[in-house]
1. Kindly express, to the nearest 10 degrees and within the range 0 to 90, the angle between helix 24-37's C-alpha long axis and the longest C-alpha principal axis of the chain.
2. Please give the net charge around residue 105, taking every other residue with its beta carbon less than 12 angstrom from that of residue 105, where Lys and Arg add +1 and Asp and Glu add -1.
3. Using a 1.4 Å probe on the protein heavy atoms, what percent of the accessible area of the stretch 8-347 belongs to carbon and sulfur?
4. Helix 125-134: angle to the longest alpha-carbon principal axis of the chain, degrees 0 to 90, nearest 10?
5. Taking the Cβ of residue 134 as the center, what net charge do the other residues with Cβ under 13 Å away carry, scoring Lys and Arg +1 and Asp and Glu -1?
6. Put a dot 7 Å past each Cα toward the Cβ at residue 84 and residue 306; how far apart are the dots in nm?
7. Counting pairwise Cα distances across the stretch 129-246, what percent come out greater than 18 angstrom?
8. Give, as a single signed number, the net charge of other residues whose beta carbon lies under 14 Å from the beta carbon of residue 23, with Lys and Arg counted +1 and Asp and Glu -1.
Amino acid sequence: MPTSNPDQITLLRPDDWHLHLRDAQAMAAVVGASAAQFARAIVMPNLRPPVTTLAQALAYRERILAALPEGSDFTPLMTLYLTDNTTAAEIRAAWESGMVQAVKLYPAGATTNSDAGVTDPRKVAAVLETMQALGMPLLVHGEVTDPEVDVFDREQVFIDRVMIPMRRDFPGLRIVFEHITTEEAAQYVRDAHEGVGATITAHHLLYNRNAIFTGGLRPHWYCLPVLKRERHRSALLQAATGGNPRFFLGTDSAPHARRLKEHAAGCAGCYTAPHALELYAAAFEMAGALDRLEGFASLHGPAFYRLPVNRGTVTLRREAWRIPDALPFPGDAIVPLAAGETIAWRLIG
Ligand code: NCD
Ligand code: ZN
């Protein structure tokens with residue numbers, strides 16, 4: 001076990017329970033970074049067009065495996081993108097294939113490539129019924145899209161308008177409240193009836209919304225759900241580091257080309273794959289809880305997904321290094337989160 005202020009920590013190999021790998025050349029540019037950090041990842045299906053069928057998920061999985069650098073030991077765990085037209089039969093076939101671990105619910109219009117998402121949860125009742133019976137997790141982007149609701153309140157309002165009614169209608173449905181960003185969501189997950197988990201990103205543990213505006217408008221800190229006030233960051237850090245198995249690691253690393261981030265209508269998404277564990281280690285150290293990192297990163301996720309814990313370990317060493325200003329990306333570059341800043345931990349293998 002790590003001591004209170006170690007210079008090196010070793011964890012069972014961790015997993016990323018929420019990751020965007022994109023496709024084609026963009027995927028080839030980023031997949032190696034995740035494979036160097038994680039043994040497995042839940043791969044988000046918000047491609048263009050979205051991954052809505054088992055056949056598409058299997059083909060996407062093959063493309064990911066083909067894009068991995070030589071010698072990688074990385075397993076993509078696939079998801080289907082839920083639409084108003086998804087059938088229960090498709091979901092059942094996906095689950096029975098053993099290759100698709102979950103279904104993703106994007107409220108239509110909530111985030112990047114979510115136009116084909118669900119317009120009203122009542123439209124997918126038959127699918128949710130089937131998932132409940134199968135024990136297949138539903139991964140939820142928990143924000144309402146009602147333009148009347150303030151952008152910073154969309155997660156909180158989602159709990160009342162969607163999460164609570166959905167849990168009432170499908171009490172046995174296993175749900176991951178993805179990338180939670182508020183104290184209210186952390187409390188909801190902590191206190192909910194069993195079967196609910198949540199992923200938390202490194203950036204929501206490390207930054208509050210000031211980061212978006214410090215010294216000017218900084219698009220590389222813009223993601224959805226957007227960073228919130230300090231009281232939320234601090235509640236999330238407490239949730240992540242408190243040892244509660246309902247909370248687990250999901251980077252939501254969401255690569256976008258630099259020109260699309262530094263744009264009049266900049267894309268939402270922070271690119272954290274190359275330094276994800278280092279960022280989480282910095283957050284856990286801030287909370288004096290490095291000894292809880294392994295639970296959050298390597299144990300709680302497999303327990304929720306009913307998958308085995310990974311064999312093997314990774315080691316982080318205390319060693320200051322500078323996050324690169326930019327990394328290669330097709331036709332452009334990609335700017336990692338906190339580019340140019342110094343970080344105290346380094347993954348050494
Ligand atoms: C994600 C993306 O770019 O695909 N963006 C983000 O800001 N997190 C979509 C998502 O997870 O909301
Ligand atoms: Zn995401």
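The values are calculated or read from the model by the stated rules, or taken from the named source; none is laboratory data. On a predicted model such as this, the values are computed, not experimentally measured, just so you know. Neighbour counts are summed over all protein chains in view; Cβ atoms, including those assigned to glycine, are modelled from backbone coordinates with ideal geometry. Quick note on the areas: whole protein, heavy atoms, side chains included, nothing else; ligands and nucleic acids left out. Shrake-Rupley method; radii C 1.70, N 1.55, O 1.52, S 1.80 Å.
1. The angle comes out near 60 degrees.
2. Details: positive: 104, 123; negative: 84, 120, 143, 178.
Taking every other residue near residue 105 into account, the sum is -2.
3. Working: 6660 of 13130 Å².
Reported share for carbon and sulfur atoms: 51 percent.
4. In the chain, helix 125-134 runs at an angle near 70 degrees to the longest axis.
5. Values: positive: 92, 174, 306; negative: 90, 96, 129.
Neighbour charge sum, excluding residue 134 itself: 0.
6. Each label point is offset 7 Å from its Cα along the Cβ direction, giving 3.2 nm.
7. The calculated P(r) of the stretch 129-246 puts 52 percent of pairs beyond 18 Å.
8. Numbers: positive: 22, 48, 61, 63; negative: 62.
Residues close to residue 23 contribute a combined charge of +3.
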